[in-house]
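Reviewing the structure listed below.
Read-outs throughout are calculated quantities, based only on the coordinates presented, and are distinct from any laboratory measurement. Just so you know, these numbers come straight off a predicted model, no measurement behind them. Neighbour counts are summed over all protein chains in view; Cβ atoms, including those assigned to glycine, are modelled from backbone coordinates with ideal geometry.
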Amino acid sequence: MMNYPKSLEDLINEFMKYPGIGRKTAERYALFTVNKLDSESAHDFSQAISAVKEKIIQCPICGHITETNPCSICADPLRNQTIILIVESAKDVFTIEKTGKYHGLYHVLNGNLSPLNGIGPEELNLKSLWSRVQNAIVKEIIIATSATQEGEATAMYIKRILKEIDLTVTRIAYGVPVGANLEYTDDLTLNLAIENRREF
């Protein structure tokens with residue numbers, strides 16, 4: 001059996017480090033890099049990877065990814081300083097910001113509680129959250145973790161810790177997506193939609 005050249009095999013192994021990328025996809029990406037990318041494009045790709053590793057940091061206040069300290073959201077005096085929306089990842093911040101409807105602050109956990117995977121409270125970005133909520137300006141915490149077992153456990157943990165502090169703790173609603181047909185909606189989503197109903 002003929003093996004790939006070592007440099008190509010090394011590139012395949014690097015691509016396989018990305019989540020959801022198996023051997024076949026990694027081989028396809030590596031062969032595309034060899035056959036389709038010119039030297040300048042390959043150099044630009046390499047430079048882009050190096051640049052994000054050198055320039056991107058986590059905001060020391062909220063944990064969001066940024067090139068500035070603090071991030072542009074924490075530094076914006078026009079944001080509503082009384083509300084903090086807790087999310088699992090930086091991707092969630094970008095998703096919510098695209099809606100243009102939320103104008104408060106964020107706190108990025110960088111994961112969820114998952115004892116089976118060895119992820120406890122110490123592994124999440126919670127320490128800075130506890131110090132932030134001591135600020136009298138903060139009036140509401142919105143928990144926006146996912147509707148998974150781990151996401152629910154994380155939300156309950158945060159709620160339990162914050163119950164001693166004089167602020168409102170809310171949870172984002174889950175339910176039937178706009179435009180969805182009830183016939184094709186799964187049981188959990190439908191149940192959450194009913195539980196989270198509001199006055200019409």
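Tabulated results
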{"read-out": "Net charge, residue 147 excluded, C-beta distance under 12 Å - Lys, Arg +1, Asp, Glu -1", "value": "-4"}
{"read-out": "Extended-chain gain in nm, criterion 0.36 nm per residue less alpha-carbon gap, residue 163 and residue 54", "value": "35.3 nm"}
{"read-out": "Cβ-based exposure ranking for 152, 183, 67, in which fewest neighbours within 10 Å come first", "value": "183, 67, 152"}
{"read-out": "Footprinting exposure proxy for 192, 37, 113, 182 (fewest neighbouring C-beta atoms within 10 Å first)", "value": "182, 37, 192, 113"}
{"read-out": "Considering only region 86-197, percent of DSSP beta bridges that pair antiparallel, nearest 5", "value": "10 percent"}
{"read-out": "FRET efficiency for residue 33 and residue 98, using Cβ-Cβ distance with R0 set to 45 Å, rounded to 0.05", "value": "0.90"}
{"read-out": "Average Cα contact separation per residue, region 79-173, under 8 Å, 6 or more apart, as relative contact order %", "value": "31 percent"}
{"read-out": "log10 of Debye I(q)/I(0), alpha-carbon scatterers only, for region 79-173 at 0.10, 0.14, 0.19, 0.21 Å⁻¹", "value": "-0.24, -0.48, -0.89, -1.09"}
{"read-out": "Segment residue 192-residue 75, length gained on full extension (0.36 nm per residue, minus Cα span)", "value": "38.6 nm"}
{"read-out": "Förster-model FRET efficiency, 41 Å R0, residue 131 and residue 173, C-beta, rounded to 0.05", "value": "0.90"}
{"read-out": "q = 0.11, 0.15, 0.17 Å⁻¹, the chain: log10 I(q)/I(0) [Debye, one scatterer per Cα]", "value": "-0.72, -1.07, -1.19"}
{"read-out": "Angle in degrees between helix 6-15 and the longest Cα principal axis of the chain, rounded to the nearest 10", "value": "10 degrees"}
{"read-out": "Value at 222 nm in deg cm²/dmol, rounded to 500, when DSSP H runs of n ≥ 4 in the chain each add -39,500 (n - 2.57)", "value": "-12000 deg cm²/dmol"}
{"read-out": "Antiparallel bridge percentage (DSSP; both residues within the chain; nearest 5)", "value": "20 percent"}
